[in-house]
Each structure stands twice: as C-alpha cells, then as structure tokens.
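Worksheet: the structure to be examined is printed underneath.
The values are calculated or read from the model by the stated rules, or taken from the named source; none is laboratory data. Worth saying up front: this structure is predicted, and the values here are computed from it rather than measured. Cβ placement follows ideal geometry from the backbone for every residue including glycine, while neighbour counts extend to all protein chains displayed.
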C-alpha cells in the first residue's frame, strides 16, 4: 500500500498543475491517467482492502504479549436453611442474609506454541505486500483501460475529421454540378447524387459525434468524474519508443503484477503450512492470578460458620498442553496446506505460460500494425493526391462525377485503414506494457 501511495504522491504536483488545463476544456492522456489512479472505484476498493491488511499487521505484535483479564462480582443472598446433624439435632432459620464480594486479576502468557506466532506475524506482513501488489495490478489494468478509451476517442475524432473532409469534397461536387447545370453543360442527376452523398456524410458526422460523446462518458466513469463533463482530447495518437521483445520477456517474472500476486500467495500459503505444523508441538504458557473474596454473613445457624470471611492472594504456575491424538486433524490440515501450495505453483506456471503467449502475440501484432501504419501513411498521401487530381479534372470538364466518387471512396477507405492502424498500434503497445507491468512505475 505504501508503494502505491508513493505513486500517488509522485503525481501530486502534476495533479495540481493539471487542474487549470482541465478547466480550460483540454484533457491530456497523462491527466486522464492521474485522475484514474486517484479516483477509480476499483482502485479505491483495493486500497481499502490493503488498509485492512495494514491494520492487522499493526497489531501483529499482540500475539507475543500476555493476556490480562480482570473479573469481579458482588452477590447478595437471602436464604432459608434447615439442617439435621449426625447427633440428631436440628437447626432451622429463615431469612439468613449474606453478601459476597469477589475479584480476580488473571494473566496468561503463551511463551511457546511451536513458533506459530512467528509464522502468523510473517503472514500478516506478507498480506500487506499482497495488498500493495493487488493495488498495482488494478492500477495497471485501469490505466490500460483509460489509455485505450482515451485514444479510442482520439481515433473517432480523427474519423470525424475524415468525414468532414469528405463533406467538403461533396460540397464542392454539388457546387460544380449546379454551376455546370446552370450554363447548360451539366445534368441534374449529378446535382442530386452530389446532395445525396453530402447528406449521407452529414448523417455519418452526427453518428460519429454521438459515438465520441459516448466514449467520453466511458472515460468519465473510469476517471470517476461527473457525467457530462466536457473536454477536448488530443488530435493525435502518441507512440512510445521502440519496444524490444527481449527486454519484456527477460523481466516479466519480476514485473508482471499477476505473476507477482501468485508468487505472494505462494509465500502466504507456505506460512500457513508453518502455522498448521506448529499444532504438532506442545504449547507452554505462564499462568498467574491475584484473587480476592470477602463474605459477610449477618446470621448463621451453624456455630462453626464464620460471620466474616476474606481470602486474597497471588498464585502462579506453568502450563503445558501436549497434543497426543486429535483424530488426525493436524495431519489432514498439513496435507491440505501442501496441496494448496502445489495448486498455486501449477497456477503460477499456467499464468506464466499465458503471459508469455500474450506477450508473444501482442508483440507480433505490434510489429504488424507498425508495418501496416507505415504503408497506410504513404497510401493516404496517394489517395489525397488522386482525389485532388480527380476534382481538378472535374472542374476542367475532362472527368465525370463517377470518377471523382470512386477516388473519394478510395480516400475514405484509406482513412479508415490509416486511423485503424494508428489505434491498433497503440492498443498493441499498451497491451505489451500492461503485460510487462510497465504502465505505472
């Protein structure tokens, strides 16, 4: 938990200086990440669990301390007594009143329990570390979701610009068609088709704007800010430096949060095994008590019964509890604890295999998307130039609307592929860093 608090403290100044930017209706991906780490509900829940572990650890030393209890009581009696003695005499009296005051101070101190108390103390320490790792894992996953959602908004924003660019081309088509029709060298179907295409682009723009608003609400939920919070995002998708597969594979066992969680659970299970094995050993304890008792009898019917009686004193001793036979319960618990360790070891190997596979596939996808992006960056220039030429040819009257529409379609598809390649490259990059556990230091 302390480690995650250090993460938050390291971002504190950034949070302070980022607030005015957010107020100016501009949100960067760094600000979105900081808001997620600070406010995300899933992270807050795990922080609460980690605080609970830390609280337990704080009182772990209590297992080594003695137990001290005090008891007291005051009893008033009103009895009727009837006695028949061996010599044949009889005694009888009613409303015999008495009161008894007693108190005790008892101490019990376990000085040896097969080292169970030490295993319990170490186990509580490991639970604190487990809580920190759980927070780190959730932070990494939540940050990955935030990055992907943020750049999905950027992607759809770029798509919106591509649609608006197509709209401007269609508006120019309509103007040219109307101009040609007005001078008698054009046909009305060209005007109508141009307007139909323009209206289709307007509808696509409305749909795209709605999609952007919906994605912003998803991002608001991840950041745990008020719904309908308005802001603008970046215009471009930023990529990190070149990622090397060997660097990730070489350190994944020490950096992947999921693997670290299983390792820590294995450590805790080993300590649980120590706790169970401790039940085979005798328990040695020191016992001590101070007792006080006072009795007042107002009347008695037996002359040997005291009217006043008081006892007080101190006693102490050593107690040993030796386990001899308990129906093989301890042996069963030891076997069960060992099975839990074996299960977690298998789970670790399984998770390691899945992480290695995920990294390998994500890296292949990352390499593919980078190559695709390079091709599409080149292809979009060709498609734009082709549309420009087709539009100029239409102005000069040496081309048709059909030719321009075909080039527009090619440009639209080129934009779709380019924008998708940018976003997919970012997704693959984020997934690699998530699997490595490198999204949050």
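Side notes on the structure shown:
- Evaluated against (1) at pLDDT below 85; (2) part of a strand (DSSP E or B), residue 51 falls short on exactly one condition, (2).
- Test: residue in the range 63-86 that is in contact with a helix residue (DSSP H, G or I) (Cβ under 8 Å, 6 or more places away or on another chain), surrounded by fewer than 16 Cβ atoms within 10 Å (Cβ to Cβ), touching a residue at least 24 places away in the same chain (Cβ under 8 Å) and not in a strand (DSSP E or B): yes
- For residue 229: the one exception among (1) at pLDDT 90 or above; (2) assigned to a loop (DSSP other than H, G, I, E, B); (3) touching a helix residue (DSSP H, G or I) at 6+ places or on another chain (Cβ under 6 Å); (4) surrounded by fewer than 18 Cβ atoms within 10 Å (Cβ to Cβ): (1)
- Hey, residue 166 touching a residue at least 12 places away in the same chain (Cβ under 8 Å) and within 30 Å of residue 391 (Cβ to Cβ) or not: yes
Every residue, every condition in (1) in a helix (DSSP H, G or I); (2) over 18 Å from residue 403 (Cα atoms); (3) assigned by TED's automatic domain parsing to the domain that holds residue 263, yes or no:
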| position | (1), (2), (3) |
| --- | --- |
| 131 | yes, yes, yes |
| 168 | yes, no, no |
| 202 | yes, yes, no |
| 208 | yes, yes, no |
| 216 | yes, yes, no |
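- For the range 319-347, residues that are in contact (Cβ under 8 Å) with a residue 24 or more places away in the chain, farther than 30 Å from residue 101 by Cβ and outside any helix (DSSP H, G or I) total 4.
- Filtered residues of the range 386-407 (kept if over 11 Å from residue 176 (Cα atoms) and either surrounded by 14 or more Cβ atoms within 10 Å (Cβ to Cβ) or at pLDDT 85 or above (or both)): 386, 387, 388, 389, 390, 393, 399, 403, 404, 405, 406, 407
- Checklist (1) touching a helix residue (DSSP H, G or I) at 6+ places or on another chain (Cβ under 7 Å); (2) within 30 Å of residue 47 (Cβ to Cβ); (3) not assigned by TED's automatic domain parsing to the domain that holds residue 29 applied to residue 148, failing item: (3)
- Which listed residue is over 25 Å from residue 40 (Cβ atoms), surrounded by 18 or more Cβ atoms within 10 Å (Cβ to Cβ) and in the same structural domain as residue 384 (by TED's automatic domain parsing), from 191, 243, 237: 243
- Among all positions in the range 425-440, there is at least one residue which is surrounded by 18 or more Cβ atoms within 10 Å (Cβ to Cβ) and farther than 30 Å from residue 132 by Cα.
- Looking across 286, 268, one residue alone is touching a residue at least 12 places away in the same chain (Cβ under 8 Å) and either touching a strand residue (DSSP E or B) at 6+ places or on another chain (Cβ under 6 Å) or closer than 30 Å to residue 419 by Cβ (or both). It is 286.
- Within the range 205-214, being within 11 Å of residue 156 (Cβ to Cβ) and exposed (fewer than 15 other Cβ atoms within 10 Å of the Cβ) holds for 207, 209, 210, 213, 214.
For every residue, the table says whether it meets (1) more than 24 Å from residue 414 (Cβ to Cβ); (2) in contact (Cβ under 8 Å) with a residue 40 or more places away in the chain; (3) surrounded by fewer than 18 Cβ atoms within 10 Å (Cβ to Cβ).
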residue: 142; (1), (2), (3): yes, yes, no
residue: 146; (1), (2), (3): yes, yes, no
residue: 160; (1), (2), (3): no, yes, yes
residue: 179; (1), (2), (3): yes, no, yes
residue: 185; (1), (2), (3): yes, yes, yes
residue: 196; (1), (2), (3): no, no, yes
residue: 216; (1), (2), (3): yes, yes, no
residue: 223; (1), (2), (3): yes, yes, no
